Amino acid sequence: MTPCCCFFGRRNRRKKGNHPPIAEESSIPIEATVNKEQEIKEESAIPIEANISAEKEIIEESDFPIEAAASREKGVRTFSYDELAKAAGYFSIDDNNRLGLGLTGEVFKGELSNGEVVAIKRLKHQANPEHEEMARHQYQVEAEILSHIEPHQNIVKVIGYCNDASNRLLVYEFVPNNSLKSCLHGNEKQTIKWSDRLKIALGIAEGLTYLHEICEPRIIHRDIKSANILLDDKFIPKIGDFGLAKEFMSSHTHVSTAPRGTISYEPPEYYAADLSTKLTEKSDVFSFGVVLLELITGKFAILGGDERLVDWALSPLKQVLETNNKEDLDMKKYNNLVDFKLQKDNDKKEMSRMIYCAAACVYKPMKLRPKMSEIVEVLKGNKEPTDYIWLRNDTQYLYQGSPYPPLPEALRPAVP
């Protein structure tokens, strides 16, 4: 989720060879108090191509309708359109209650008849019938996945839905502190202190551990990024935007699907012809590593021009990780890597653990990336990273250059 915008797209079936992931629509963020002047420009998604028929061959429809999900004992409620329209002030933008605006929908702050404050996402109708069908599919995917996930403090909760013939709306818990992206990079007056950044990293890792390793069927999010991490008033993170998510059984090694995600967070295997349609949970691990780099450096995932954060970070990471002391990193070289706002506000050992986690998630080959449960153990301090996720010889991966091939000029993202 982004504070103010989202991206979607569909592509023709592609020929074999290097190719970027399809940038599909990311569901709108459920964030609070986002004024227009505070809205942050999201990284550019890869351009949309017209033919969606090939996409429909890839998409597998869910086995159960939204109504069936709501009938389960998960507390998911059905609402009438009139009920939600009244709760959201009849979707007026004059009262500053619109929290987010995207290409296929918008999110409003609302208050239900029982006084509960919620976020209501309304699907916008599309002039193109194929785009309309795809938007409705994403709506259904997000509703169904979220409605049968057991409650978890690090995953945004769906409260209910309206699914009449002409109006489709989703109702979420209201998360008051905007997204991680807006707090890190926006006009927020308060800097996120180190202890909260560690709390955020650990919470995201625990949420992904649940999705990847505990719930059944397992879930691959496919669009982990700072804009899709919502923060409550205590900076507890909640993973949102499941419009691109895929379910898979724990007995399966991967899901066959077209690549999805946001440029600068997508894993390098999306560019490999033999791996691009074989999605595993390790794609989320890579994207999580990029979010860790954002937390460490305070920088955008995409920098000026076409430079990605994962490429920029290579040089300072080499300086920090090249040490013969397995217990501590070279703190004297931290200044080139760590957010200047944290220079006097960070715990040495905790920062070291997060740096090791980021390096292991981003720079190790796909099959060697750690599981999210392993990241949790390291961030908690229960395991030493150099014995667990980043061995002595792993520094070699920092010398193999950018994880990505160069992007064609036409696909280079806009500067955020």
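Below, the figures for the structure above:
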item: Rounded FRET efficiency, nearest 0.05, which uses the C-beta distance separating residue 94 from residue 195 and R0 of 51 Å; result: 0.85
item: Pairwise FRET efficiency - residue 166 versus residue 400, Cβ, R0 = 56 Å, nearest 0.05; result: 0.60
item: Sum of side-chain charges, residue 106 neighbourhood, beta-carbon under 10 Å (Lys, Arg +1; Asp, Glu -1); result: +4
item: Under Karplus coefficients 6.51, -1.76 and 1.60, residue-wise ³J(HN,Hα) of the stretch 105-112 in Hz, glycine/proline x; result: x, 8, 10, 10, 7, x, 10, 6
item: Distance (nanometres) between label positions extended 7 Å along Cα→Cβ at residue 392 and residue 153; result: 4.0 nm
item: FRET efficiency, 1/(1 + (r/R0)^6) with R0 25 Å, evaluated for residue 341 and residue 307 via beta carbons; result: 0.75
item: Cα Rg, Dmax, the stretch 178-405, angstrom units; result: 16.5, 47
item: For residue 116, net neighbour charge (Lys/Arg +1, Asp/Glu -1) across residues whose Cβ lies under 14 Å away; result: +1
item: All Cα pairs of the stretch 77-173, percent lying beyond 18 Å; result: 45 percent
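None of the figures in this text is laboratory data; all of them are computed from the coordinates on show. Note that this is a predicted model, so its numbers are computed, not measured. No Cβ is skipped: glycine too gets one built from the backbone with ideal geometry, and neighbour counts run over all protein chains shown.
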